[in-house]
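All of the numbers you see were taken from the coordinates with simple rules; none came from a lab. Since the structure is predicted, the reported quantities are computational estimates derived from the model, not experimental observations. We place every Cβ from the backbone using ideal geometry, glycine too, and count neighbours over all the protein chains shown.
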Amino acid sequence: MKIELNENELVQKSIAYLKKQYGEDTVRMDIRKNAVVNGNGVLEVDCTVSIAGDHSDWTKWFSFKNGSVTGMRWSPR
């Protein structure tokens with residue numbers, strides 16, 4: 001099955017994943033590399049997140065399968 005997601009939809013799914021899994025509020029998210037094709041692949045972003053008002057900067061790699069985020073790696077910036 002072919003799943004078409006535009007970059008805005010990928011970002012929104014990534015933001016929702018951060019909120020649900022980690023309680024992070026996204027302040028900013030910029031795409032570095034979009035390798036998601038037909039709903040599968042990796043979206044690499046630079047982002048700033050906030051937890052309880054404390055901000056931190058990260059590079060994050062969101063893994064997508066069938067149009068959903070299935071996991072994430074991260075590295076501080």
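Set side by side, the residues 31, 51 differ, and just one is loosely packed, with under 13 Cβ neighbours inside 10 Å and touching a helix residue (DSSP H, G or I) at 6+ places or on another chain (Cβ under 9 Å), which is 51. Condition (residue is in contact (Cβ under 8 Å) with a residue 40 or more places away in the chain and assigned to a strand (DSSP E or B)) applied to segment 8-24: is it met by at least one residue? Checked against the condition, which is being in contact (Cβ under 8 Å) with a residue 40 or more places away in the chain and assigned to a strand (DSSP E or B), segment 8-24 yields no hits at all. The C-beta contact set for segment 46-71 (first residue in contact (Cβ under 8 Å) with a residue 12 or more places away in the chain, second residue of a type in the set (Gly, Ala, Ser) and not in a strand (DSSP E or B), distance under 7 angstrom, 6+ apart or interchain) comprises 51/23; 62/14; 64/39; 66/39; 67/39; 69/14. The residues of segment 36-77 that are under 14 Å from the mean Cα position of the chain (by Cα), assigned to a strand (DSSP E or B) and of a type in the set (A, V, I, L, M), listed by number, are 42, 43, 45, 49, 69, 72.
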